[in-house]
Each structure stands twice: as structure tokens, then as C-alpha cells.
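Take a look at the structure below.
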Amino acid sequence: MNSIDILYDHYKETYQLSKEAQARRNKNFLILCLLEALSFFISIRPEKAFELLQSGIQERLGFPLSSGTVILQTLLWIVIIYIFIRYVQDMLYIERQYPYLEQLEQALSHSLDTWELARESSHYRQDYPAVLNLIDLFYKMFMPVFFTAINTLRIYREWAYPPQSSMLSRICDTVLYGAVFLLAWFYFFEIHPEITKFCKRHIPFADKAADWLRRILEKV
């Protein structure tokens with residue numbers, strides 16, 4: 001097997017891994033939307049939401065949940081964190097693969113001489129439709145902000161109108177909310193490098209704080 005065959009096989013494998021990540025991302029995004037819709041329903045109609053959830057679980061498992069409201073509150077936060085982590089991992093993996101796929105296509109095109117392979121690079125970006133930019137903005141900017149707003153509303157409702165739960169359970173839910181908020185915060189600035197650069201230039205100490213935090217996270 002010559003070098004171009006090895007390079008092409010590697011390109012096909014990399015492209016296939018990217019497509020698989022896109023499928024997982026789409027699935028996790030749909031699940032995340034359903035979970036956030038449930039979270040919003042709990043925020044505005046907690047009694048009805050928990051009644052429906054508990055009856056559904058009882059019908060499914062065959063036994064009632066004692067202290068079910070507290071358990072479901074915390075369980076929903078944990079599931080949201082897990083799905084959001086998987087979504088962010090796949091989203092960033094896909095974004096990081098585009099430059100690498102472009103390098104592979106350029107290397108293959110250079111080896112072919114007579115034909116340019118540019119499916120994921122220059123050809124894809126040529127005359128890029130504005131509606132795709134709008135969809136990209138929807139995924140990367142609107143939805144993280146929207147999800148954060150829903151989660152903030154829900155944790156506020158937990159403290160303002162607490163169910164029959166202990167202070168410890170609300171503190172636990174608040175810690176989980178903080179984890180979701182930090183994940184959304186880091187994801188937002190990681191996926192928007194231009195916004196990150198703007199903040200570093202115009203917000204005092206933002207550049208030093210970002211570098212300090214990145215060094216800490218790299219050592220964890």
C-alpha cells in the first residue's frame with residue numbers, strides 16, 4: 001500500500017468518525033431539548049409536572065416513589081448535566097475536525113495533481129448560504145443562552161417556591177445547576193473564539209483570568 005492509499009484511508013476514517021459524532025450530537029441535542037422542556041414545565045407547573053412524572057414512573061416500574069419530588073428534581077439535574085456534557089464533547093470534536101479534514105484534503109489534492117479534493121473545505125464554504133449561518137447561530141448562540149435561562153428559572157423556583165424537600169436537597173440541586181452553568185459558559189466561549197478575543201481585549205483582566213483558568217484546567 002503506497003502513501004496516497006494510506007492517506008486516503010485515514011481521510012475516510014476521519015470523515016466517518018466526524019459523521020458518527022454528528023449523529024450523536026443531533027441525538028443528544030434532541031434529548032437535551034426534551035429535558036429542558038420538562039425542566040421548564042416543572043418551573044411553571046411543578047405540581048402537575050411531578051404528578052405526571054410520578055404516575056408514569058409508578059406505571060412503568062410498578063411501585064410509587066417515596067419523596068419522589070426530591071428524587072426527580074435531583075435526577076433531572078444529573079441527567080441534564082450528563083447529556084449536556086456528551087453534546088458539548090461531540091460538538092467541539094466536530095468543530096476541531098474541520099481544519100484537520102481540510103489539511104487531509106489538501107494533502108490528497110497535492111498527491112492527485114489532476115483533481116482538487118475539497119468537499120469539507122473550500123468547496124463547502126463557497127457561496128455558503130446565509131440560512132446555514134442563521135442555523136449555525138441558532139445552535140451555537142441562541143440555544144445555550146436559552147437553556148441557561150430555563151435552568152436559572154428552575155433553580156430560582158426551587159428556592160422561591162420550594163417543594164417538600166430539605167435544605168440539603170436544594171443546596172445539592174444548586175451545585176448541579178452551577179455545574180451546568182459553568183459547562184454552558186465554557187462551551188459558549190470555546191465555540192465563539194471571536195467573542196472570546198473581544199472580551200479579552202475590552203474587559204479588564206479578562207485575558208489574564210482566562211489564561212490562568214486554562215492553565216489550571218490543563219493540570220487537572
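The values are calculated or read from the model by the stated rules, or taken from the named source; none is laboratory data. As the structure is a prediction and not an experimental result, all values here were calculated from the model. Ideal geometry is used to build each Cβ from the backbone, glycine not excepted, and the neighbour counts take in all protein chains shown. With ligands, DNA and RNA removed, areas are computed over all heavy atoms of the protein, side chains included. Shrake-Rupley method; radii C 1.70, N 1.55, O 1.52, S 1.80 Å.
Descriptive notes on the structure:
- Reachable lysines from Lys208, criterion Cα separation under 30 angstrom, eight or more residues apart if same chain: Lys140, Lys197, Lys200, Lys219
- Convex hull (Cα only) mean projected area of segment 134-220, reported in nm² to one decimal: 7.7 nm²
- Under 5 Å, built H, 5+ apart or other chain: amide partners of Leu117: Ser109
- Surface share of carbon and sulfur [accessible, 1.4 angstrom probe, percent] for the chain: 64 percent
- Considering only Phe189, Ser111, Phe50, and ranking their Cα positions along the charge dipole of the chain that arises from unit charges at the beta-carbon of Lys, Arg, Asp and Glu, the one farthest toward the positive end is Phe50.
- Between the helical axis of 193-202 and the longest alpha-carbon principal axis of the chain there is an angle of about 80 degrees.
- Taking 7 Å steps out from each Cα toward its Cβ at Ile203 and Ser3 produces label points 4.6 nm apart.
- Taking all protein chains into account, the per residue accessible area for the chain stands at 66 Å² (1.4 Å probe).
- Surrounding net charge for Tyr82, when Lys and Arg each add one and Asp and Glu each subtract one, Cβ distance under 14 Å: +1
- Value of Rg to Rh for the chain, rounded to two decimals, is 1.08; Kirkwood radius and Rg both from alpha-carbon coordinates.
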